[in-house]
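Undergrad: Sharing a structure with you now.
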Amino acid sequence: MVMESPFRADMAKGKVALITGGASGIGLEISTQLGKHGASIAIMGRRKQVIDSAVSDLRSLGISAVGFQGDVRKQEDAKRVVDSTFENFGRIDILVNAAAGNFLVLSEDLSPNGFRTVMDIDSVGTFTMCHEALKYLKKGGLGKSSSGGGLILNISATLHYTAAWYQIHVSAAKAAIDAITRNLALEWGTDHDIKVNVIAPGPIANTPGMDKLAPKEMETKTNDYLPVTMAGESWDVAMAALYLVSDAGRHINGANMVVDGGQWLSRPPHLPKEAVKKLSRAVEKRSRAAPLLPRSKI
């Protein structure tokens, strides 16, 4: 079902947005909706083929879009992509940190390296992108006449509000993102007039993240445990992003906007340990079967 945006078609006209993880899932929908509402789009991701396909799709919609291959865990990649975005469009108004890692695993089966990898992508990557984009976001951003300086949107989750089964690594990483957001909102909001907010989606259908949490191979076994039937859409998250980008969100800073239909308030039954092991093996088997794409330089 195609849903219409409640926002003016030109509400982001003249703005430039850089979206990490912007070539798939929630990130792609945010890229698409910002572009449809007038923004120029730069997307960053690790897989060149996926980036090229996303840029092609965005351009087919009449959106001014470019893509850059890079890893948010690497400061040199972050700097290169941020600088390239500025060189391409002459400004950066919006940074959306949507790159993320996730998988279900028992805590005793999770290696320190696996824990560190998710922390590096989600929390360290978020800070690194913010750090590198600051010099451009504070140069004028959205324009002093309307919404002040630039804007940062960090994509988090609700897992850490209580506790989450088999996602200790992701819960820790998202808690760190929330803390990063509040601290930057305080410091950069005061010093540079930059707004920094969090969007916390619940389960979102048809995204790479949901494929890892409830892959089709395990669908009949996980439906009783995971609230897949209550999943939202990427569009819902993108509309929250548009609200925060719009003039309606001009006085919102350091906030956490939960987009999950209230699901975090309930605690569905957790998966039995054996089901988690089977699910992990199914995802791992599918990953091994997927062809490796060659990496190429920009």
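Undergrad: Could you pull out the pairs from 15/74; 15/36; 74/138; 74/285; 13/74 whose alpha carbons sit more than 20 Å apart here?
TA: Long pairs (Cα-Cα over 20 Å): 15/74; 74/138; 74/285; 13/74.
Undergrad: Note the full-extension length gain between residue 116 and residue 83 as 0.36 nm times their separation in residues minus their Cα-Cα distance, in nm to one decimal. Please report the intermediate quantities before stating the final value.
TA: Details: separation 33, 0.36 × 33 = 11.88 nm, distance 2.71 nm.
Additional length available on full extension: 9.2 nm.
Undergrad: Follow-up question, since we're still on this one. Over the Cα atoms of segment 16-289, what radius of gyration and what Dmax do you get, in Å?
TA: That works out to 18.2, 57 Å for Rg and Dmax.
Undergrad: With label points built 7 Å along Cα→Cβ from the Cα atoms of residue 75 and residue 52, find their separation and express it in nm.
TA: 3.2 nm
Undergrad: Extension gain residue 10-residue 278, at 0.36 nm per residue separation less the Cα-Cα distance, in nm?
TA: 91.7 nm
Undergrad: Then there is this: Find the relative contact order for segment 16-289 and round it to a whole percent, using C-alpha pairs within less than 8 Å whose residues are 6+ positions apart.
TA: Relative contact order here is 19 percent.
Undergrad: Extending each Cα 7 Å along its Cβ direction at residue 248 and residue 61, get the distance between those two points in nm, one decimal.
TA: About 1.9 nm, to one decimal.
Each reported figure results from applying straightforward, stated rules to the coordinates on display, with no laboratory input. Quick caveat: nothing in here was measured; it's all calculated off a predicted structure. Cβ atoms come from the backbone with ideal geometry, glycine included; neighbour counts cover every protein chain shown.
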